[in-house]
Amino acid sequence: MSNRAFLDQIDSKISKGNPSEYSKVVFILHDQLNLEVWPDWVKVEKPLLIFVESKEKGESLPYHKKKLIYLLSSMRHFALECHEEGYPVFYHSTKQHYDGALKDILDSNHELSLTFMTPSEWDTRERLRSLKDIFEQRVTEIPNTFFLANADEYKDKIGPGYRMEYFYRDMRKMTGYLMNANNPEGGEWNYDEENRKKLPKNIKPPEWAGTEADDITKEVIDLIEAGFSSHFGELNDFDYAVTRRQALYRLNDFIDRGLDQFGPYEDAMATDEFVLFHSNLSMYLNNGLLLPKEVCDKAQEAYDTGKARLNSVEGFIRQIIGWREFIRIYYEAMMPDVREANHFGFEKNLPEMYWSGETEMRCMKECLKPVIKDGYSHHIPRLMVLSNFSNLTETDPRKLNEWFWLAYTDAYEWVVLPNVLGMSTFADGGVLASKPYAAGGNYINKMSNYCKSCSFKISKKTGEEACPFNYLYWNFIDEQRETFMENGRANFMVNMFDKKSDDEKEAIKSSSRKFIEALERRK
Ligand SMILES: Cc1cc2nc3c(=O)[nH]c(=O)nc-3n(C[C@H](O)[C@H](O)[C@H](O)COP(=O)(O)OP(=O)(O)OC[C@H]3O[C@@H](n4cnc5c(N)ncnc54)[C@H](O)[C@@H]3O)c2cc1C
Ligand code: SF4
């Protein structure tokens, strides 16, 4: 089915607002799909809403096919819902980028004034702001209200030494989640000590139900198959929620069946178990189908009613009011220079396996599988396996960042960049994280069941049969010793390396050189 046929179907369902009949339009971006947080005047006046499907934006990176399907289908569903609520809607599909499309509309409708909400991504923000330069008072920017914290209040604090934990305590006090007056529920701010368990054999994570694709989604699938077939990832079995109602169902399901065990197994990884007790809600939070407040309200309610334990609810709420908000403020404070951050000076291309999923390393294979299939994995595969391996093999962190951005359904620059260049690769030199997240095979073996079925031997430290993480880890510590020595929490690792025998050091270095040189890289 062609794109035109789909748009004809949309047109027949909604009265396509004609911009020339209106004096005021509001532009709604693909990640601002929730009118609850738009200003009251929008809800009262019901101005013309403009949605733009931009081919140029969709092609700006070879985004995962399912990510494109999700974004287009949820925007199309949302436009229809707005129409059903009485808004006139202009749904525009174009080859141009957002600014080009909106410029043409403003050029040909001289009486029209346009309002947009500050985009969370830098480039789109710059593009829309360029319209203000051209059309001046006819274009109004309003603040982004999809987040809980006011970025301007905290932006200046971002820098080495200002850690998420301080910000998180402020947010707990501000929101009142898990608080007794000014004190944290249970006496502690953070229960991570209780949240580092491996998944025992007798605990089976829930089977999470998918959402059946309706006609609108099926048409988008055809569209992506026809126009974006060379993009990353698989397209079959698309089963994401694409409406707010469906996303709310997933939220409730997670609260009922996942949240209580979220804490203990938050860091666990297991073969063919990709979501475990995680929520898999980030994609819905990041385009507005769900709002951070309602998600945390539900978690608080689950604690209040005894449905979920404290360490799980605290851990979950911290991810949202702590990490998610902190990451966004970091982005506001650090852009655009941080895009070039590369503390270790690595310049190698991404290993080919990040695209093909083909490798003898069981952990890498298992962690890449759900990314290639669904554009998802939980935090620990992203941090402790995929990013860790990239750093240990001296890969350019900017290439890794681009891969995460295109490969994950929940990735937008404001959230992926701080996580990759700040948290997981230490590319910013320690602004976001207090020390590099580097780990050897023992960590992966402790938190997963991967090593049992791997071609490499976790018990071997060097040589061809040995687990590559084992020697690559020590090689990294040695090569980057200056960074580790400067860091009070990590300098003991350098001392441990230095205490190894000369033979062992030599074996670590030569195994690592061989492995890094032989690694097939993306051209
Ligand atoms: C290298 C790397 C890249 C990442 N890229 C992204 C990304 O592109 N988009 C994204 O939303 N998250 C990203 N994260 C953060 C985190 O891994 C995901 O938010 C989380 O895994 C999503 O799965 P979930 O919904 O099951 O999360 P859960 O474990 O259920 O957590 C609940 C929610 O907390 C929020 N959250 C948790 N940690 C973070 C964090 N560090 N930053 C921002 N939000 C957080 C998410 O909204 C998530 O849905 C990245 C982390 C790393 C280490
Ligand atoms: S042995 Fe090493 S490479 Fe294999 S799964 Fe374990 S950590 Fe990964």
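The values are calculated or read from the model by the stated rules, or taken from the named source; none is laboratory data. For clarity, every value in this text was computed on a predicted model and none was experimentally measured. Counting neighbours? That spans all protein chains shown, and the Cβs are built from the backbone with ideal geometry, glycine included. Just the protein is used for accessible areas: all its heavy atoms, side chains included, with ligands, DNA and RNA removed. Shrake-Rupley method; radii C 1.70, N 1.55, O 1.52, S 1.80 Å.
Listed by position, the helices (runs of 4 or more DSSP H) inside the range 238-337 whose residues that are over 30 Å from Gly429 (Cα atoms) and open to solvent by 10 Å² or more (accessible area, probe 1.4 Å) number at least 2 are 244-257, 259-262, 292-304, 310-317. Residues in the range 376-417 that are in contact with a Phe, Trp or Tyr (Cβ under 8 Å, 6 or more places away or on another chain), of a type in the set (D, E, K, R) and away from ligand 2 (no atom under 16 Å from the Cβ): Glu394, Asp396, Asp410, Glu413. Scanning the range 432-456 for residues that are within 16 Å of ligand 1 (Cβ to nearest atom) and open to solvent by 20 Å² or more (accessible area, probe 1.4 Å) yields a total of 5. Of all the criteria given as (1) in contact with a Phe, Trp or Tyr (Cβ under 9 Å, 6 or more places away or on another chain); (2) open to solvent by 60 Å² or more (accessible area, probe 1.4 Å); (3) of a type in the set (D, E, K, R); (4) under 21 Å from Met283 (Cα atoms), the one not satisfied by Lys197 is (4). Scanning the range 389-414 for residues that are surrounded by 24 or more Cβ atoms within 10 Å (Cβ to Cβ), outside any loop (DSSP other than H, G, I, E, B) and either aliphatic (A, V, I, L, M) or touching a Gly at 6+ places or on another chain (Cβ under 9 Å) (or both) yields a total of 3.
When you look at Ser459, is it in a loop (DSSP other than H, G, I, E, B), in the same structural domain as Met485 (by TED's automatic domain parsing) and either within 16 Å of ligand 2 (Cβ to nearest atom) or of a type in the set (Asp, Glu) (or both), yes or no? Spelling it out, Ser459 is indeed in a loop (DSSP other than H, G, I, E, B), in the same structural domain as Met485 (by TED's automatic domain parsing) and either within 16 Å of ligand 2 (Cβ to nearest atom) or of a type in the set (Asp, Glu) (or both). Candidates are the residues of the range 457-476 that are closer than 18 Å to Leu386 by Cα and among the aliphatic types (A, V, I, L, M); the one that is surrounded by the most Cβ atoms within 10 Å (Cβ to Cβ) is Leu472.
One residue alone among Tyr354, Tyr437 is in contact (Cβ under 8 Å) with a residue 60 or more places away in the chain and either within 16 Å of ligand 2 (Cβ to nearest atom) or under 27 Å from Ala151 (Cβ atoms) (or both), and that residue is Tyr354.
Apart from one condition, Ser93 fits all of (1) open to solvent by 30 Å² or more (accessible area, probe 1.4 Å); (2) not in a strand (DSSP E or B); the exception is (2).
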